[in-house]
Each structure stands twice: as C-alpha cells, then as structure tokens.
1. Cα axis of helix 13-24 to longest principal axis of the chain: angle in degrees, 0 to 90, nearest 10?
2. In vacuo Debye scattering of the chain, one point per C-alpha: log10 I(q)/I(0) at q = 0.13, 0.14, 0.18 Å⁻¹?
3. Give me the extension gain from residue 66 to residue 111: residue separation times 0.36 nm, minus the current Cα-Cα distance, reported in nm with one decimal.
4. For the chain, with the dipole built from +1 on Lys and Arg beta-carbon atoms and -1 on Asp and Glu ones, taken about the Cα centre, which of 54, 115, 3 lies farthest toward the positive end?
5. Leaving ligands, DNA and RNA out of it, report the carbon-plus-sulfur percent of the accessible area of the chain at a 1.4 Å probe.
6. Given the rule -39500 (n - 2.57) for each run of at least 4 DSSP H residues, summed and divided by the residues of the chain, what is its mean residue ellipticity at 222 nm, to the nearest 500 deg cm²/dmol?
7. Using alpha carbons only, how many degrees (0 to 90, rounded to 10) separate the axis of helix 96-107 from the longest principal axis of the chain?
Amino acid sequence: MNVTVIFGSDGGATKGVASKISKKCQGRSVDIKTATKADFENCELLILGSPTYGDGTLQTDWEENIDKLRAAKLGGKKVALFGTGDQATYPDSFVDAMGILYDEVTELGAVVVGFTETSGYDYSNSTAERDGQFVGLALDQDGQSGMTEKRVTAWLSKLL
Ligand SMILES: Cc1cc2nc3c(=O)[nH]c(=O)nc-3n(C[C@H](O)[C@H](O)[C@H](O)COP(=O)(O)O)c2cc1C
C-alpha cells in the first residue's frame with residue numbers, strides 16, 4: 001500500500017515517530033511545512049501526526065498550514081492519525097491535537113481508520129477519545145517511550 005505520513009514537530013519527537021512509521025510501511029514522511037496538496041491526495045493511506053501544545057492545541061506548523069489540509073480532496077479517503085503527548089504533565093489534554101485532526105478530516109469526508117484502546121494510559125481527559133477509544137494511535141515519548149515500538153507495530157499490522 002502506498003503510504004504518506006505528514007507530521008509537524010517542534011522538538012523532534014513526532015518527526016522521529018513519523019520516520020519510524022514510514023520506514024515500517026515503505027512510505028514517505030513529509031513535514032507539514034513543506035507538504036503539498038498532492039502529498040495529501042496521492043496515496044492510498046494518509047497518516048497524519050501532531051504533538052499537542054498549549055492546553056490542547058495543534059503544533060504550530062499544523063496551525064499555520066491547516067489550509068493545505070482543508071484544501072485537499074479527502075472525501076472517501078482512508079486516513080489514520082497519531083498523536084504524541086505527555087499524559088503525566090498534561091493529563092487534562094492528553095493528545096488533544098489528534099482529536100482536532102480527527103474533526104478536520106472527518107469534516108472533509110475522510111474515512112478514519114486505526115482507532116485504538118485507551119487501556120495502558122493514565123490521563124483524565126482527551127478530546128482524542130471518542131466513545132471510549134482513541135481516534136488514532138496515542139504515543140507518549142516523554143513517559144512511555146519504551147512502549148512506542150510495540151504500539152506502532154501493532155497499530156500498523158491492523159492498518160496495512
Ligand atoms: C509547552 C508545552 C505544552 C504541552 N501541552 C501538551 C498537552 O496539552 N497535551 C499533551 O498530551 N502533551 C503536551 N505537551 C507534550 C508534547 O506534546 C510532547 O512532549 C511531544 O512529544 C512533543 O513533540 P515534538 O518533539 O515533536 O514537538 C506539551 C509540551 C510542552 C513543552
């Protein structure tokens with residue numbers, strides 16, 4: 001399957017996860033800063049990833065380039081999401097950016113795949129949790145980096 005991963009990253013954690021994911025599925029990893037409309041559209045599976053900043057906002061490059069996403073034709077397209085966050089320090093807005101991306105792509109008519117269980121995490125609130133599941137893959141590189149490899153592998157094995 002032809003996979004494109006589009007990410008934003010301030011400190012590099014999300015960029016690292018995006019590379020890991022794209023390598024495992026022989027896909028491409030593209031920074032939202034340089035992503036084009038074609039990057040969103042010309043793939044069979046589009047994977048979007050963002051860390052959460054502030055009190056539950058998208059990463060800045062995502063915010064500044066959100067019109068690129070909004071201009072993409074994603075109706076009926078298979079989209080999967082991942083979010084990086086820190087559940088111990090920000091338990092009330094854990095991986096909220098993933099919830100924001102979910103609302104954006106759902107609005108565009110995308111078919112979101114790759115929901116995951118919330119067990120194994122310890123947080124109070126997340127807008128990325130809908131009906132008891134995360135809308136994508138939640139990763140905590142600050143407190144649970146040791147679990148990332150296993151979580152990514154299990155998630156991709158279901159997606160691909
Ligand atoms: C100022 C600040 C605010 C943050 N706010 C949140 C938050 O609301 N929710 C969350 O889950 N993580 C939050 N985080 C944690 C980051 O999302 C996490 O460290 C992430 O791995 C950073 O990714 P990056 O290195 O790709 O930028 C915050 C981190 C910082 C420094």
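The values are calculated or read from the model by the stated rules, or taken from the named source; none is laboratory data. Remember, predicted model here, so these are calculated numbers, not experimental data. Using ideal geometry, Cβ is built from the backbone for each residue, glycine included, and neighbour counts are taken over all protein chains shown. The area values use the complete protein model at the heavy-atom level, side chains included, leaving out ligands, DNA and RNA. Shrake-Rupley method; radii C 1.70, N 1.55, O 1.52, S 1.80 Å.
1. Once rounded, one gets 60 degrees.
2. Treating every Cα as an identical point scatterer, log10 I(q)/I(0) equals -0.51, -0.60, -1.05.
3. Gain on stretching residue 66 to residue 111: 14.3 nm.
4. 3
5. 47
6. After summing the helix terms and dividing by the residues of the chain, the value is -9000 deg cm²/dmol.
7. On a 0 to 90 degree scale, this one is about 30.
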